[in-house]
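Data first, discussion second: the structure below is written as C-alpha cells.
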Amino acid sequence: MMSALYALWAGSFGSWYAFTSGTLVRAVPLMLTGLGVAVAFRAGVFNIGAEGQLLAGAVAATAVGLHGSGMLGPATLPVALVAGALAGAAWAGIAAVLRVRFGVLEVISTLMLNFVAADLVSYLVRGPLQEPLHIYPQSSSIPAIARLPQFGPATRLHWGIVIAVVLVFVVAWELAHTAAGFRVRAVGANPSAAWATGRVPVSRVTTRAFLFSGLLAGLAGAIEVTGVTYALYENLSPGYGFTAIAVAILAGLQPLGVLPSALVFAGLESGATAMQRDAGVPAAWASVVEAGLILAVVGVIALRARARSAAANGGPP
Amino acid sequence: MRAKQRFSTAFNIAIALALAACSHGNSDSGRSSASDFKVALLTPGPVSDQSWNAGAYQGLLRIRDSLGAKISNIETKTPADFEESFRQYGAQHYSLVIGHGFEFQDAAKRVAPDYPKTVFVTTSGNTEGPNLAGLQFDFANPSFLAGMLAGGVTHSGVVGVIGGTELPPVRESFAAFARGAQFVNPKVRVLSSYIGNWDDVSAGREQALAQIAQNADVIFQNADAAGLGVIQAARQSKNVLVFGSNSNQNDVAPDVVIASVVINLPHAFLLVANEVKDSTFRGRVISLGMRDDVVQLVLNPKLASRIPAPLVTRIDSVRTAMLHGSFPGADSAASPAR
C-alpha cells in the first residue's frame, strides 16, 4: 500500500521528469477543456460535450497537418491549431443552434454529439484519413513542420502548456474585467433578470459562450495531435472532455482555479499509471484509488464551503 | 465548524507524513533489485480478459519463471501513455519491453533510438530497427482449419464471425475462416460483425444474439473480454457452438466452446526473451505460426463427439499439408497491402 502511494507520488509530482512529462503533458488538455467548461457553466450553458469537441479539433488538426503542409509550409502548425479550434466551435455550434432555435437541452445534445464524434473518428481512421497502407486504423504521422516543439530532448513537454496557461489568464481577465465578461456572468447568474434589463442580448451571450467553450476544447484536441500523438487514433483521449467537468467544478468555475485543479487531475492520472508500472498495482485498483482520491478532494472542498457559508450566516450548517 | 477544519488539517498532515515515511522505506528496497534482466509488458486492455491480454501476461510470467526476470506490466489507455511508458521503462534500463498490439509501434519507433540498450518488441507490428522488432502471428492457417470445422458441424448452413474492432489480423483471420468453411461446404453463409470495442461484454452478447437470430449456429469470436459475452449468448441459446480465440478458451465454457485458435503467447514471448537474454537478438519482423508451435487450432475434447470422424481426418490432412507448405488455400487473398 505504501509503495503504491509512493509510486503515485513519484509518478506525478515526485520527480522533475514525472512532473513535466507525465503531469504537465496531461494537464494541457485538461486546462483547456476545463476552462471551456467553466466559461460555459458560468454562462448557464451545460456543455458536457467537451470530449466530442476535442475530437472534432483533433480531426481538423490532423487533416491540416497531413494535407496542408506542402502548401502552407511553416504556417501549417498555426493553421492546424486554428482549424482545430474552429472545428471544436463548430461541433459545439450544432448544439448551440439546437438550443437557441429549437430549445433542445444542451445536456442531451452535447452528450450525444460526443458519441457521434467518436464514431466519426472511427470511420475516418478506416477511411479518408487512414494511413496509406490501409493496414492499421490510424492516420499517418503529421510531418515535423506541423508539430508543436518540445522544450528539450529530455522531456515530452511541448509548447501547448504555454498556450493553455496564457489562455487561462486571458479568459480570467476577460471574465472579471470586461463588459463581455460581465454579460456572461449576468446571464449565468439570472438570465431573466439579465433579459429584463433590456441591455443584455441573452441568447447571443449564451451562444457565444457555448461556441467559445467548444473553441477551447477543439484547440485542446489540436494541441494533443500536434504536441503528443502526431496522428489520429480512435482512443486519442482517455476522457479528457469528461474529466474537464470535474476540473471546472473543482476550480469553483473560476478560470484561475482551473490551473491547480487541472494539475490535481493530471497528477492523479499520471501517478495512477506509475502505480501500475512501478508498484505492480492492477489497473483496476489504480483507477479505484484515483477515483477515491478525487472523491476525497471534492468532499473536503464541499465541507469547507459548507462551513464557510454556515459561518457567514452565523448559524449551524 | 472549527472541529472540521482542525480535522482536515490533521488529515493533510497525516497524509504528508505517510507519504514521507513510505518514500524513505521504498527508496532502499527499490534500488537493490535482484535481477538485471528486466522485462516489461504494455497491454491495451485488462490482463483478466482470458484472451489476448491474459495470454501476454502469462507470457510475462513465463519469462519471469523460466529466465528469472524482474517483470512489470501496465495497462495503457491512450497513445500518449504508450510513449510515456516506453520511455519510463527505457530510462529504468529494462532489457526487453513488449508493446502488445500494433498500436504501440509508432511510439516504439520514436522511443527505440533513445534507449539503444533496451529491446522494444511490438506484437502484430511490422516495424523493425536495431533494437526494435515486430512480432507477427500467422492466424490464417489455423483460422482456415477452424472454418473447415465450422462448415462441417453447422446444421443451419449459417456461421458467424464477431470481432472486437476491425483490426487487420482479425480481418485476415475471419477471411481465412470463411474460406475454410466454404472449402468443406460451398453453400455455407458467413455473417460478419464487429462490436466496436474489446471490453463490452454485454455488447458482445447482443451481437451474438443478433447473429443467432439470423440462424447462425457456429460463431467464431475474436473480441477479448467482449468475446466472453459471445460465449454467454451461446450458452443461453440452444445448439450454438463458438470458437475461442487467442488463449485456449475451451475451458471457459466447455459445453459450447468447440475449439480455440490459440496463440501460444508464452511460448512466443519466451523465444524472443531468450534471444534478448543471450544477446543473439537482431531487429526484424519475427513471424511465428503453426510450424513454430505458436498458433494452433486446439479442439475441445469434451465436445469431440460432436465432430464427425471423417471431418477430423480431413482437417488433419489439410493441417499436415499446411505444415509442409503444400496448401496455399488459407492465405490466398490475405494481407493484400503487404
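The values are calculated or read from the model by the stated rules, or taken from the named source; none is laboratory data. Owing to the predicted nature of the structure, the values given are computational and were not obtained by experimental measurement. Neighbour counts are summed over all protein chains in view; Cβ atoms, including those assigned to glycine, are modelled from backbone coordinates with ideal geometry.
What to note about this one:
- Inter-residue pairs, beta-carbon under 6 Å, first farther than 19 Å from B:Phe220 by Cβ and in segment B:284-299, second acidic (Asp, Glu), 6+ apart: B:Arg284/B:Glu128; B:Val285/B:Glu128
- Contacts under 7 angstrom Cβ, first residue in segment A:279-301 being at the interface with chain B (Cβ under 10 Å from one of its Cβ atoms) and farther than 15 Å from A:Met2 by Cα, partner part of a helix (DSSP H, G or I) and of a type in the set (S, T, N, Q), 6 or more apart: A:Ala283/A:Gln276; A:Val300/B:Ser8
- Residue match in segment B:137-157 (condition: within 14 Å of chain A (Cβ to nearest Cβ) and among the small types (Gly, Ala, Ser)): no
- Entirely in segment A:111-207, the helices (runs of 4 or more DSSP H) that have 2 or more residues that are buried (at least 19 other Cβ atoms within 10 Å of the Cβ) and on the phi < 0 side of the Ramachandran plot: A:160-177, A:179-189
- Of the residues examined, A:Ala312 is one that is farther than 25 Å from A:Tyr240 by Cα and part of a helix (DSSP H, G or I).
- Summed over segment A:1-46, the residues that are in contact with a Gly (Cβ under 7 Å, 6 or more places away or on another chain), on the phi < 0 side of the Ramachandran plot and not in a helix (DSSP H, G or I) give a count of 4.
- Considering residues of segment B:299-326 that are crowded, with 16+ Cβ neighbours inside 10 Å and not polar (S, T, N, Q) only, the residue nearest to B:Asn126 (Cα to Cα): B:Met322
- Among the residues of segment B:35-54, those identified as more than 8 Å from every other protein chain (Cβ to nearest Cβ) and either modelled with pLDDT of 90 or more or assigned to a strand (DSSP E or B) (or both) are B:Phe37, B:Lys38, B:Val39, B:Leu41, B:Leu42, B:Thr43, B:Asn53, B:Ala54.
- Residue check: A:Trp91 meets all listed conditions (1) under 30 Å from B:Ser124 (Cα atoms); (2) hydrophobic (A, V, I, L, M, F, W, C); (3) in contact (Cβ under 8 Å) with a residue 24 or more places away in the chain but one, namely (1).
- Once segment A:225-247 is narrowed to residues that are farther than 17 Å from A:Arg156 by Cβ and at the interface with chain B (Cβ under 8 Å from one of its Cβ atoms), the residue that is modelled with the lowest pLDDT is A:Asn235.
- Residues that are within 17 Å of B:Ala225 (Cα to Cα) and surrounded by 20 or more Cβ atoms within 10 Å (Cβ to Cβ) within segment B:162-193 comprise B:Ile162, B:Gly163, B:Gly164, B:Leu167, B:Val170, listed in sequence order.
- Qualifying residue in segment A:250-263 (condition: over 25 Å from A:Val97 (Cα atoms), in a loop (DSSP other than H, G, I, E, B), touching a Ser or Thr at 6+ places or on another chain (Cβ under 7 Å) and within 14 Å of chain B (Cβ to nearest Cβ)): no
- Residue list for segment B:109-136, filter: more than 14 Å from every other protein chain (Cβ to nearest Cβ), in a strand (DSSP E or B) and either under 19 Å from B:Leu270 (Cα atoms) or polar (S, T, N, Q) (or both): B:Val119, B:Phe120, B:Val121, B:Leu132, B:Ala133, B:Leu135
- Subset of segment B:67-82 (residues that are within 21 Å of the chain's Cα centre (by Cα) and either more than 7 Å from chain A (Cβ to nearest Cβ) or part of a loop (DSSP other than H, G, I, E, B) (or both)): B:Ile71, B:Asn73, B:Thr76, B:Lys77, B:Thr78, B:Phe82
- Criterion: of a type in the set (S, T, N, Q), modelled with pLDDT under 95 and either in contact with a helix residue (DSSP H, G or I) (Cβ under 7 Å, 6 or more places away or on another chain) or surrounded by 18 or more Cβ atoms within 10 Å (Cβ to Cβ) (or both) - qualifying residue of B:Asn197, B:Asn239: B:Asn197
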